[in-house]
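Taking it in order: structure first as structure tokens, then the write-up.
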Amino acid sequence: MRGRQSHQGGMFSYVSLEERVPAKHPLRAIRAVVDEVLAGMDTAFAGLYASTGRPSIPPEQVLKSLLLQAFYSIRSERQLAEQIDFNLLFRWFVGLGVDDPVWHPTVFTKNRDRLLAGDVAGTFLGAVVAHAKVKGLLSDEHFSVDGTLIEAWASVKSFRPKDGSDEPPGPGRNGERNFHGERRSNDTHTSLTDPEAKLFRKGRGKEAKLSFMGHVLMENRNGLVVGATLTQASGTAERSAALDLIGAMEGRHRITVGADKGYDTADFVADLRSLKATPHVAQNISGRRSRIDARTTRHSGYEVSQRCRKRIEEVFGWIKTVAGHRKSRFRGTARVGWAFTFATAAYNLIRLPKLLATAP
């Protein structure tokens, strides 16, 4: 018998959000971990808020919403609020009931900015890594480091001489600007839009862009991020940040650290060994002598590290494409760094359901 459409909508629903989400949905495993992590951060949240005044959006809901934004490639916080309003799965994950009102995007943005003050992103990443279910998936001996460029939210036209000696762009929303014959460098020029962004070229033959540099420390067993930071872009930033990330590890013993050819310098290799870390750095023998000799390369573990270190590109690929940080939506090192670090925590969480399902 042919079914008939009913155009009369029901006024009430007697099915809870918990029942509507499938038992095997990947977000269930993620939410269980996130809820425990956020419960442990309660003291950190308490220090960011006054004891009196109008209640704000709970920080737990702000962070869960930002996780959804990264998981589902939602391009703006205005669209995020709209999605939460009509998507029952998103309401369930954030902790809103079916009839609970969704906050205005501007209010959400102000509440998110409050979390910048307490380095909540770094604390959240550390808490995720220290969680009992995650800790069992990590290697405590073998790691990899690398950096990537995060394009700044600033146009090259905003990169102007510090002394104001150039001609301004033409009138209009996107005025013409002739750069031919003009020498530009970070020493003489600065961006009027984001003064902390630096003009940087990743390699020969590639265009220079206003950028920041994100750095990641990855463990080699499952390719999860155990440390992240962001700096201004420079030729030595990758090596300096790598040493800072490795030095910040607590209670560690001798480890191995894999890296690409850009880390094959005398200073970095020596500093790495002073930190009780064996440098499994790719040899750079292009017209020069590598600082990594047969004492290191003869071991089978060196070849394994060189294979595993390439997985760090998967982290950068996900952050830039899925989480939407190829070009940052923020300005300034603090804000861009907060978003980058939080995105690395989201990367760890999105990989948890499959890793936990196959864990012994």
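Below, the figures for the structure above:
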item	result
Residue ID - nearest to residue 66 (Cα to Cα), chosen from residues in segment 16-27 that are in contact (Cβ under 8 Å) with a residue 24 or more places away in the chain and open to solvent by 40 Å² or more (accessible area, probe 1.4 Å)	26
Residue selected from segment 239-255 under the condition open to solvent by 40 Å² or more (accessible area, probe 1.4 Å) and assigned to a helix (DSSP H, G or I), by the criterion nearest to residue 305 (Cα to Cα)	239
Some residue of segment 202-217 being within 30 Å of residue 142 (Cβ to Cβ), part of a helix (DSSP H, G or I) and open to solvent by 50 Å² or more (accessible area, probe 1.4 Å)	no
Entirely in segment 275-322, the helices (runs of 4 or more DSSP H) that have 2 or more residues that are surrounded by 18 or more Cβ atoms within 10 Å (Cβ to Cβ) and hydroxyl-bearing (Ser, Thr, Tyr)	300-308
Check on residue 43, more than 29 Å from residue 219 (Cβ to Cβ), surrounded by fewer than 18 Cβ atoms within 10 Å (Cβ to Cβ) and of a type outside the set (A, V, I, L, M)	no
Test: residue in segment 269-276 that is out of contact with any Lys or Arg (no Cβ under 6 Å at 6 or more places or on another chain) and touching a residue at least 40 places away in the same chain (Cβ under 8 Å)	no
Test set (1) of a type outside the set (Phe, Trp, Tyr); (2) within 30 Å of residue 155 (Cα to Cα); (3) open to solvent by less than 30 Å² (accessible area, probe 1.4 Å); (4) assigned to a helix (DSSP H, G or I) - residue 355 fails condition number	(2)
Residue count, segment 130-150 (criterion: touching a residue at least 40 places away in the same chain (Cβ under 8 Å) and open to solvent by 80 Å² or more (accessible area, probe 1.4 Å))	3
Condition met for residue 346 (open to solvent by less than 60 Å² (accessible area, probe 1.4 Å), of a type outside the set (D, E, K, R) and within 20 Å of the chain's Cα centre (by Cα))	yes
Residue in segment 58-71 that is touching a helix residue (DSSP H, G or I) at 6+ places or on another chain (Cβ under 7 Å), open to solvent by 70 Å² or more (accessible area, probe 1.4 Å) and at pLDDT 90 or above present	no
Check on residue 258, touching a residue at least 12 places away in the same chain (Cβ under 8 Å), open to solvent by less than 20 Å² (accessible area, probe 1.4 Å) and under 26 Å from the mean Cα position of the chain (by Cα)	yes
Matching residues, segment 261-272, being open to solvent by 10 Å² or more (accessible area, probe 1.4 Å) and either more than 16 Å from residue 146 (Cβ to Cβ) or part of a helix (DSSP H, G or I) (or both)	261, 262, 266, 267, 270, 271
Long-range neighbours under 6 Å by Cβ, at least six apart or interchain, first residue more than 20 Å from residue 89 (Cβ to Cβ) and at pLDDT below 95 within segment 30-45, second part of a helix (DSSP H, G or I) and open to solvent by 40 Å² or more (accessible area, probe 1.4 Å)	44/123
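The values are calculated or read from the model by the stated rules, or taken from the named source; none is laboratory data. Remember, it's a predicted structure, so these values are computed and weren't measured experimentally. All Cβ positions, even for glycine, are placed from backbone atoms using ideal geometry, and neighbour counts span all protein chains on display. These area figures cover heavy atoms from the full protein model, side chains too; ligands, DNA and RNA do not enter into them. Shrake-Rupley method; radii C 1.70, N 1.55, O 1.52, S 1.80 Å.
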